[in-house]
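The structure under discussion appears below in the form of structure tokens.
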Amino acid sequence: MRGLDLKIRTYGWALVQVEDGSSSFAYTIGLVENYGHPKLIAVDVKPELQHALIKPLVDGIIERGRPPAGLLALGGLRCVEVHADNLVSEFFGSWANRYGHLPRPGQALQVVLPDEVYCECHAHAVRRLDLPGPLTAAPTHRPNRAERRRHGRNGPGGRAA
Ligand SMILES: [Zn+2]
């Protein structure tokens, strides 16, 4: 928690990254507190891509009060309001630890990526926090044959999940 606090004091925000078996997600802490903007959360996105996805959106929020529209359009990204059913400690535990309560409705936006950036098995299974709960299970990745070959040679590919 101290490292997190230091980051928030230094940069005004921090990214909390959680990996739990097949499920990985990341969310910001500090945007509501310091910039009056809902937190951003990305769910079912590879850990190594989470920061690259969220940082430029946060830069826009810090500079102009909102994620850059051009960047959203180019990336096919959407920011959708997290449904009250999904404002749960499973997703926002560190946030709740800091503020003493879970995010309130309107305080969290999910960054939704377009289906094209995902592999076939993830494209239609990525969890949507803007829909009423209960949530489906995190999608499990089933590498296809080409991917297994690539993996053998070059390590994991660059897909979002
Ligand atoms: Zn997959």
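Laboratory data are not the source of any read-out in this text; all were calculated from the coordinates shown. Computed from a prediction, not measured in an experiment: that's the story for all the values here. Here the Cβ is made from the backbone with ideal geometry for all residues, glycine too, and neighbour counts use every protein chain on show.
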Which whole-number percentage describes the relative contact order of the stretch 2-154, with Cα contacts under 8 Å and a sequence gap of 6 or more? 20 percent
Provide the descending list of Cα extents for the chain along its principal axes, expressed in whole angstroms. 47, 33, 31
Using Cβ counts within 10 Å as a stand-in for footprinting exposure, how do Val18, Val126 rank, fewest first? Val18, Val126
Output wanted: per-residue J couplings in Hz (rounded whole) for the stretch 53-66, from phi through Karplus 6.51 cos²θ - 1.76 cosθ + 1.60, θ = phi - 60°, x for Gly and Pro. 6, 8, 3, x, 5, 5, 3, x, 5, 5, 7, 10, x, 7
Please work out the Cα center distance from the stretch 28-62 to the stretch 87-119, rounded to the nearest Å. 10 Å
Amide H to amide H, which residues 5 or more places from Ser24 or on other chains are under 5 Å from it, using H placed in the peptide plane? Asp44, Val45
